[in-house]
Amino acid sequence: MKRTVIVAIPVVGSGQNPYVFPHFGRAPFFAIVEIDGNSFRVAKMLKNEHVAHDRGQGHGHLIIEELARQGVEAVVVASIGQGAFYQLRSLGMKIYVLPKREKGLYNLEEAIKMLIENRISEALEPVKHEDHEHNH
């Protein structure tokens with residue numbers, strides 16, 4: 001990455017270092033991060049205004065259009081469904097999926113550092129971590 005790249009990461013929690021939210025379209029916020037070589041800054045926290053009323057055609061539809069307006073070129077996610085995946089791809093965005101973790105969530109800084117250090121790979125198909133929801 002030679003130039004500044006704008007990356008969006010779905011997050012929950014306020015404060016300096018929020019956590020990566022497991023469901024892309026339902027995330028309360030998206031961190032808009034500018035990555036320049038090995039350094040980064042969180043340019044803004046974008047509130048996901050579409051969570052409540054985007055049930056009809058998948059959660060991610062409207063927020064993805066907003067991310068595109070913000071100049072986002074890539075997203076880092078814990079999991080991503082089919083609708084959001086193909087919409088992001090159609091807009092030319094790259095999708096990076098964090099490796100699954102047994103316990104707890106990644107925090108924002110961890111996720112960004114993993115991207116900068118090339119420790120996460122680009123997803124070529126939707127990735128659902130259904131197991132999170134079906135542990136009885």
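Miscellaneous remarks
- Residue satisfying all of: in the range 97-131; without any contact (Cβ under 8 Å) to a residue 40 or more places away in the chain and over 16 Å from residue 19 (Cα atoms); surrounded by the most Cβ atoms within 10 Å (Cβ to Cβ) among these: 119
- Within the range 72-89, the set of residues being touching a residue at least 60 places away in the same chain (Cβ under 8 Å) and either farther than 22 Å from residue 110 by Cα or part of a helix (DSSP H, G or I) (or both) comprises 84 only.
- Within the range 10-21, not a single residue is among the small types (Gly, Ala, Ser) and modelled with pLDDT of 90 or more.
- Selection within the range 90-109 - over 16 Å from residue 75 (Cβ atoms) and outside any loop (DSSP other than H, G, I, E, B): 107, 109
- Residue in the range 51-71 that is closer than 21 Å to residue 17 by Cα, at pLDDT below 90 and surrounded by fewer than 16 Cβ atoms within 10 Å (Cβ to Cβ) present: no
- Top-ranked residue of the range 72-86 - restricted to ones that are within 19 Å of residue 46 (Cα to Cα) and of a type outside the set (Gly, Ala, Ser), ranked as surrounded by the fewest Cβ atoms within 10 Å (Cβ to Cβ): 73
The values are calculated or read from the model by the stated rules, or taken from the named source; none is laboratory data. Here the structure is a predicted model, which means the values were calculated and not measured. Because the Cβ atoms are built from the backbone with ideal geometry, glycine has one as well, and the counts that use them run over all protein chains shown.
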